[in-house]
Amino acid sequence: MMCKRLLLVSVAACFLVSVPAAMAVPYASGLTQSGNTVGFVLNENATNVWVELDGGAATQSLGALAKGSHSFDMTGYSSYQIKVLGTAAAGWTQYSNDGDNTSKYYSPKGVTVDRNPLSPNFGRIYVSEGLAGTTAGRTTTAGIYVLDAAQGDVTGQGDAAHTGGVDWVVGGTNSPWKIGLNRTDPSDTNLYIADWSDKHSGVWTANTANFNAPFNELLDNTGRATSGIVLANQGAGPTELHGSVASGPWVEGSGADRKMYTIDEDVRLGNVLRYDIGTTTSGYATAPADQTVDGTGLGYIQNATADLVRGADGSSWIAQYRYTDSDAVPALSRWEDGASAPSWKSGPSTLPLNRGYGCLDILDQGNLIALGTNDGHIYILDISDPNNPVLADTIAHSGLTIRDVAFDVAGNLYVVSSSSETLRIYSPGGDWLAVTGSDGSFTIIPEPATLVLLTLGGFLLRRRVR
């Protein structure tokens, strides 16, 4: 198990424990309630599952459960916590099955997982398929695929992607491209879809509550040029609105304060662009502001095979394709808001990340970044000190080109590859207890042995029984 910075997580009133931040466990998501019956989904097999009702007034033991859908009865009670214990050897291991239908994609370009326990879609997995084709006996189409946490076909779409009435075929192999969800507002049920093609450039929104509804063009596409560039506020001047959007749309904030961040192949490549979209879901036509600026003549960002994430501290991390990492043009760099040079960059003098392929994700509560490559592996970085990242681990992936990576709330890693033509899910293993509450809470604590709570002299202690 990787050694990480310790976090404090509350597991009982007045009781705190230190928790290593590298997290990966089976956990309960996809909560539903019909009358007194509560349903939930396990993303993988669990060693033991139990439910505590009304803060421990009663306990139901469900025992060892397989991945998939389960339920329990809460008659007579008003709240619950689903506690899921998983035990596994430490070390990154693929636990998805390449033979499963929902693991097969001909040319996947993006993946994201709903990590917000307050979201109605908590735990769902979204995959963008950029090109129709047949792989391992499954024929997929261009568009969006939706899975529950156990990789179940939760919308009943079968092998046909959701298209939202959009002609993704006209964009070729990069349409749709990377995808994203609002990282901070669970009431924002939009899936944000980037398009990196010239003929079909832009960003679309899909309503995750109803994939039968038409997708919306979030960014206006009036008068798109053959290069993919669209001008802002038509008739008001030559300001550029967008071009071919290279990154996954990063969205945060709620209501009028909602913002979207992108990296654009055609519009000020190298800068993080900010769109103050507010509640707009279609037809946005105001030119973006520069959140960061790749300083004149410096050119740290030169490749449009690029992606970005933003940390909880407000900084931006930018990944770009580099065959051989260099200090001058880094595969990964960190930028403070308003900066014209990175506060940290990879390269031979710090941390060489050769063959980085412009796709990454961040797990703030774990101080982790995952970076995909095009030579069949994934870098896992410890960013406890964001100005001195450490290469914590490397995951070997059979099949070269990694197109996108995404963490779930428990730290499992989802990887799509156009070489292996798969969605694969990796877990770093270990023994963990995940707690999902009816109040929208989620907690994770290390559990290498049975946990016994003792009260001595008014103090709550814990003892492990092996």
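The values are calculated or read from the model by the stated rules, or taken from the named source; none is laboratory data. All of these numbers come straight from a predicted model, not from anything done at the bench. Neighbour counts run over all protein chains shown; Cβ positions are idealised from the backbone, glycine included.
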- The residue that is farthest from residue 120 (Cα to Cα), considering only those in segment 214-232 that are in contact with a strand residue (DSSP E or B) (Cβ under 9 Å, 6 or more places away or on another chain), assigned to a loop (DSSP other than H, G, I, E, B) and without any contact (Cβ under 8 Å) to a residue 40 or more places away in the chain, is 225
- Query: Among the residues of segment 235-280 satisfying the criterion of being part of a loop (DSSP other than H, G, I, E, B) and of a type in the set (A, V, I, L, M), which is farthest from residue 312 (Cα to Cα)?
  - Reply: 236
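Within segment 404-441, which residues are among the basic types (Lys, Arg) and touching a Pro at 6+ places or on another chain (Cβ under 6 Å)?
Of segment 404-441, the ones among the basic types (Lys, Arg) are 424.
Correct list: empty.
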- Message: If I go through segment 1-43 residue by residue, how many of them are modelled with pLDDT of 95 or more and of a type outside the set (S, T, N, Q)?
- Response: 11
- Query: Which residue out of 417, 398 is hydroxyl-bearing (Ser, Thr, Tyr) and at pLDDT 95 or above?
  - Reply: 417
- Do we find a residue being in the same structural domain as residue 251 (by TED's automatic domain parsing) and touching a residue at least 60 places away in the same chain (Cβ under 8 Å) anywhere in segment 328-337? yes
